[in-house]
Structure formats: C-alpha cells, structure tokens
Amino acid sequence: MKADNSDRLPQVTLYALQTCSHCRAAKKFFQQHQIAFRSVYVDLLVGEERNDTMRRLRDINPACSFPTITVNQEVIVGFKEEKLRRVLSLPSKVRPQQP
C-alpha cells in the first residue's frame with residue numbers, strides 16, 4: 001500500500017540577505033502563518049558553502065535576486081504574498097470587489 005503524501009508539509013526555503021527588507025517581510029509572513037521554513041542567509045556564508053549556494057541559486061533564479069523562495073519545486077522570486085498564499089494553500093488576502 002502506498003503512503004498518502006497529501007498531509008506532508010511543504011518544503012520551504014528562503015534564500016535571503018540580512019539587509020534585505022523584502023527578505024524580512026517574507027520571513028515575518030512565514031512566522032505569522034506558522035509555516036516551517038529554512039533560511040539561508042547568503043551574505044553570511046563564506047568559501048565553498050557560499051559558492052555552492054550561489055550555484056544552486058543561479059540554477060533556480062539566474063538573476064540571483066533576493067528573496068528567492070522555493071516551495072517544494074516552485075520558485076518564487078521576490079516577496080509575492082498572494083503567490084505564496086496560493087502555493088501554500090492559505091486564504092487569499094484580496095477580497096472580490098462588490099458590485
């Protein structure tokens with residue numbers, strides 16, 4: 001019998017810089033919504049660890065801009081709250097316009 005993976009938590013990684021305000025906003029968003037995530041502060045890495053991380057980052061975001069967020073296999077460049085809500089199955093903040 002195959003295991004049902006529908007209950008699995010999303011694998012979220014935040015590639016960030018310490019000085020980036022959009023990176024801080026993304027981190028705060030994850031914390032507010034109790035989303036488990038892994039932070040990689042690229043500006044704090046040195047040597048081969050930094051080089052390896054930058055190679056990985058370039059593969060998923062050739063512009064190497066921050067924040068770069070991965071949710072499972074989906075890549076989100078920048079802090080795009082509505083897109084994050086969609087891929088994380090959170091309710092939308094945008095309300096439909098009243099007629």
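Each reported figure results from applying straightforward, stated rules to the coordinates on display, with no laboratory input. Keep in mind it's a predicted model, so treat the numbers as computed, not measured. We place every Cβ from the backbone using ideal geometry, glycine too, and count neighbours over all the protein chains shown.
Of all the residues in region 26-52, those that are under 23 Å from K83 (Cβ atoms) and either free of Cβ contacts under 8 Å to residues at least 24 places away in the same chain or over 11 Å from the mean Cα position of the chain (by Cα) (or both) number 9.
Taken over region 21-39, the criterion of being within 18 Å of R50 (Cα to Cα) and in contact with a helix residue (DSSP H, G or I) (Cβ under 9 Å, 6 or more places away or on another chain) is satisfied by S39 alone.
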